[in-house]
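Structure first, commentary second.
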Amino acid sequence: MTTILNLLAVGRDIQWQVFGLVLGIFLALALIFTVFILIITKVCHIQEDEKAVKILNLLGGSNCGGCGQSGCAAFAKKLAEGKGDPTACHSCPAENRAEIAKILGKQIEDEGPTVAVVHCAGGDKAANKFEYNGYADCTSRSGLLGGQKLCPSGCLGGGTCEAHCPSFAIHTKNGVSSVDRDLCTSCGVCMNKCPKHLIGRIPRSAKVYVACSNNCRGKEAKDLCEVSCIGCGLCAKNCPEGAITMVNNLPVIDYKKCVGCKVCVQKCPRHSIKEIED
Amino acid sequence: MEIFTLFILAVFVNNFVVVQFLGICPFLGVSKDTSSAFGMGVAVTVVMVLATLVTYPLYTFVMVPLGFEFMEIIFFIFVIAALVQMLEQILKKFIPALYNSLGIYLPLITTNCAVLGVAELVIGDVSALGIASMNLGYALLYALFSGIGFLIAILLMSGLREKVDRYADMPKALKGFPISMVIASFMAMAFYVFTLI
């Protein structure tokens, strides 16, 4: 122990007198400022909207911006004015949302805990339109002819979602982003930031998800990417619960009906429906 | 005459934003429209003067005689943070419109390096400021002039940005933030002329 302290030069030569003096003056200063702030708060007290304050205390509080507002306070104010939907906040527990709805006198349908998922598995497997040499950000990439990928709705791999995720839950590897389910709070920041709108929310209990977003069919889709959905509809035909419908050549899973049998995963010839490993 | 030199030096030659590159965060963040840019400039100026009013005597009459000048940054940041807290409350009460338009950038004045920069510069080497010796009056004037320099820079920036964002036809890749950076760099180049005075 002593050797470590000696190595770090900690515990030697501390001038305790100076230390105490500085601490004392700092505390005295803190006390003076506290008194001033208290006085000013008292003098400048304004009647705040009680409803907004109550709602603010129930919201996530991380100012993630997933609801589209600049922070929790702005969102609370909007809610208190009767605009907006409390379900837009996914960072707070479901009970809090129910509580907010009660304060607002609204009925909300809460689908339970959700998690973000990237509806693309392309990355290096997707064909390139051109070689992109420039600022790596996805917004810049998509500003140039819609990005370097041939697929109009393919992940550009620039890591914009990764950079903006407040809980470090997204990782961009091999040209495509993926979500770490353990860290994701489903706040929705990535959904707003992705220029291709590839990130969506699914219930946490979901067993499968669609890992493609392109609306092309057949050969056209095959040329774009090795793992593209070709819109064949095998998943919809084979789903025993009838939970899958084809919309714009893409399967849409109704998670209320899905029982997690994973028949669709086995039937998909392109491996565009992926199972979630727990 | 000394005051005039101080004014020219603080506002143009050593302009905080475009020459010394301090306080860039509100400079780019709140310069979207002129009215809130003006509010931000005034708020920063007020905080600068108030902060200097507290930090300069604190440094000269308490910290130097007692010999703990090395704690200056912690003490200064602390003072600035407390002042911004007070300013926030006052603005909320009396000018709620400005309070709303400044939004998150108001608490960020706390860590605005331009404010800390003034507090540090007035206790440092005074030869760069064009005066013989520093005292509280000069320190306050320097803070005020620096604030005016910041105000002028952010107003120019917001005026240019308003025009460019609304009327200029430009490629998608440059729209919004990138063109603002380009504008800022051109402004910095233009202000560089003043350093030749």
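The values are calculated or read from the model by the stated rules, or taken from the named source; none is laboratory data. What you are looking at is a predicted structure, and each value in this text was computed from that prediction instead of being measured. Ideal geometry is used to build each Cβ from the backbone, glycine not excepted, and the neighbour counts take in all protein chains shown.
Would you point out which residue out of A:G159, A:G123 is in contact with a helix residue (DSSP H, G or I) (Cβ under 9 Å, 6 or more places away or on another chain) and among the small types (G, A, S)? Walk me through how you get there before you give the answer.
Values: A:G123 fails: in contact with a helix residue (DSSP H, G or I) (Cβ under 9 Å, 6 or more places away or on another chain).
Going through A:G159, A:G123 in turn, the sole match is A:G159.
If we scan region A:180-194, do we find a residue that is away from chain B (no Cβ under 14 Å), under 19 Å from the mean Cα position of the chain (by Cα) and over 29 Å from A:S62 (Cα atoms)? Spell out how you get there, then give the answer.
Residues of region A:180-194 away from chain B (no Cβ under 14 Å): A:180-192, A:194.
Still in the running and under 19 Å from the mean Cα position of the chain (by Cα): A:180-192, A:194.
Right, trim to over 29 Å from A:S62 (Cα atoms) and you get none.
No, region A:180-194 contains no residue that is away from chain B (no Cβ under 14 Å), under 19 Å from the mean Cα position of the chain (by Cα) and over 29 Å from A:S62 (Cα atoms).
State whether one or more residues within region B:142-158 are under 26 Å from B:A81 (Cβ atoms), hydroxyl-bearing (S, T, Y) and modelled with pLDDT under 85.
No - not one qualifying residue is present in region B:142-158.
Go through (1) more than 26 Å from A:I40 (Cα to Cα); (2) assigned to a helix (DSSP H, G or I) and name the single condition B:S133 misses.
Answer for B:S133: the failing condition is (2).
Do you know which residues across region B:67-125 are touching a residue at least 60 places away in the same chain (Cβ under 8 Å), of a type in the set (A, V, I, L, M, F, W, C) and more than 17 Å from B:I24 (Cβ to Cβ)?
B:L98, B:A119, B:V122, B:I123
Tell me, which helices (runs of 4 or more DSSP H) lie completely within region A:1-111 with 2 or more residues that are modelled with pLDDT of 80 or more, under 29 Å from A:D182 (Cβ atoms) and within 14 Å of chain B (Cβ to nearest Cβ)? Step through it out loud before you land on a result.
Numbers: elements: A:2-8, A:16-43, A:50-58, A:72-80, A:94-104.
Because the criterion is at least 2 residues that are modelled with pLDDT of 80 or more, under 29 Å from A:D182 (Cβ atoms) and within 14 Å of chain B (Cβ to nearest Cβ), the helices (runs of 4 or more DSSP H) in region A:1-111 that meet it are A:72-80.
Residues A:E95, A:E109: which one is outside the structural domain of A:R201 (by TED's automatic domain parsing), surrounded by fewer than 14 Cβ atoms within 10 Å (Cβ to Cβ) and closer than 17 Å to A:R201 by Cβ? Break it down into steps so the answer makes sense when it comes.
Details: A:E95 fails: closer than 17 Å to A:R201 by Cβ.
Testing whether each residue is outside the structural domain of A:R201 (by TED's automatic domain parsing), surrounded by fewer than 14 Cβ atoms within 10 Å (Cβ to Cβ) and closer than 17 Å to A:R201 by Cβ leaves just A:E109.
Is there a residue being within 14 Å of chain A (Cβ to nearest Cβ) and surrounded by 17 or more Cβ atoms within 10 Å (Cβ to Cβ) anywhere in region B:126-134? Spell out how you get there, then give the answer.
First pass over region B:126-134, keeping only residues within 14 Å of chain A (Cβ to nearest Cβ): none.
No: zero hits.
Going by what's in this entry, would B:L83 be described as within 11 Å of chain A (Cβ to nearest Cβ) and crowded, with 21+ Cβ neighbours inside 10 Å?
Working: within 11 Å of chain A (Cβ to nearest Cβ): yes; crowded, with 21+ Cβ neighbours inside 10 Å: yes.
Yes, satisfied.
Here is a list: B:I77, B:I104. Which entry is within 13 Å of chain A (Cβ to nearest Cβ) and closer than 20 Å to B:V30 by Cβ? Before the answer, list the steps.
Values: B:I77 fails: closer than 20 Å to B:V30 by Cβ.
Within the list B:I77, B:I104, the selection yields B:I104.
Do we find a residue being under 16 Å from B:G103 (Cβ atoms), of a type in the set (S, T, Y) and more than 14 Å from chain A (Cβ to nearest Cβ) anywhere in region B:52-62? Spell out the reasoning first.
Of region B:52-62, the ones under 16 Å from B:G103 (Cβ atoms) are none.
No - not one qualifying residue is present in region B:52-62.
Taking the condition of being of a type in the set (K, R) and out of contact with any Leu (no Cβ under 8 Å at 6 or more places or on another chain), how many residues in region A:139-160 meet it? Outline the logic, then answer.
Within region A:139-160, the subset of a type in the set (K, R) is A:141, A:149.
Checking the rest, the ones that are also out of contact with any Leu (no Cβ under 8 Å at 6 or more places or on another chain) come to none.
Count: 0.
Which residue, of A:T87, A:T34, is surrounded by fewer than 13 Cβ atoms within 10 Å (Cβ to Cβ), of a type outside the set (D, E, K, R) and not assigned by TED's automatic domain parsing to the domain that holds A:G159? Please lay out each step first, then the result.
Values: A:T87 fails: surrounded by fewer than 13 Cβ atoms within 10 Å (Cβ to Cβ).
None of the others qualify; the one that does is A:T34.
Here are the criteria: (1) farther than 30 Å from A:Q15 by Cβ; (2) facing chain A (nearest Cβ under 9 Å); (3) surrounded by fewer than 16 Cβ atoms within 10 Å (Cβ to Cβ). Tell me which single one B:F21 does not satisfy.
Checking B:F21 against (1) farther than 30 Å from A:Q15 by Cβ; (2) facing chain A (nearest Cβ under 9 Å); (3) surrounded by fewer than 16 Cβ atoms within 10 Å (Cβ to Cβ), the one that fails is (2).
Restrict the check to region A:160-175 and report whether at least one residue is aliphatic (A, V, I, L, M), under 25 Å from A:A221 (Cβ atoms) and in contact with a strand residue (DSSP E or B) (Cβ under 8 Å, 6 or more places away or on another chain). I'd like the intermediate steps shown before the answer.
Step one: filter region A:160-175 for residues aliphatic (A, V, I, L, M), giving A:163, A:169-170.
The next check asks that each one be under 25 Å from A:A221 (Cβ atoms); those that pass are none.
Scanning region A:160-175, I find no residue that is aliphatic (A, V, I, L, M), under 25 Å from A:A221 (Cβ atoms) and in contact with a strand residue (DSSP E or B) (Cβ under 8 Å, 6 or more places away or on another chain), so the answer is no.
Among the numbered conditions (1) closer than 18 Å to B:S180 by Cβ; (2) surrounded by fewer than 17 Cβ atoms within 10 Å (Cβ to Cβ), tell me where B:F4 comes up short.
Unmet condition: (1).
Is it true that B:A97 is crowded, with 22+ Cβ neighbours inside 10 Å, assigned to a helix (DSSP H, G or I) and out of contact with any His (no Cβ under 7 Å at 6 or more places or on another chain)?
Numbers: crowded, with 22+ Cβ neighbours inside 10 Å: no; assigned to a helix (DSSP H, G or I): yes; out of contact with any His (no Cβ under 7 Å at 6 or more places or on another chain): yes.
No; evaluated as a whole, the condition is false for this residue.
From the list A:K257, A:K267, A:K262, exactly one residue is over 26 Å from the mean Cα position of the chain (by Cα), surrounded by fewer than 18 Cβ atoms within 10 Å (Cβ to Cβ) and over 18 Å from A:C225 (Cα atoms). Which is it?
On the way: A:K257 fails: over 26 Å from the mean Cα position of the chain (by Cα); A:K262 fails: over 26 Å from the mean Cα position of the chain (by Cα).
Answer to the check: A:K267.
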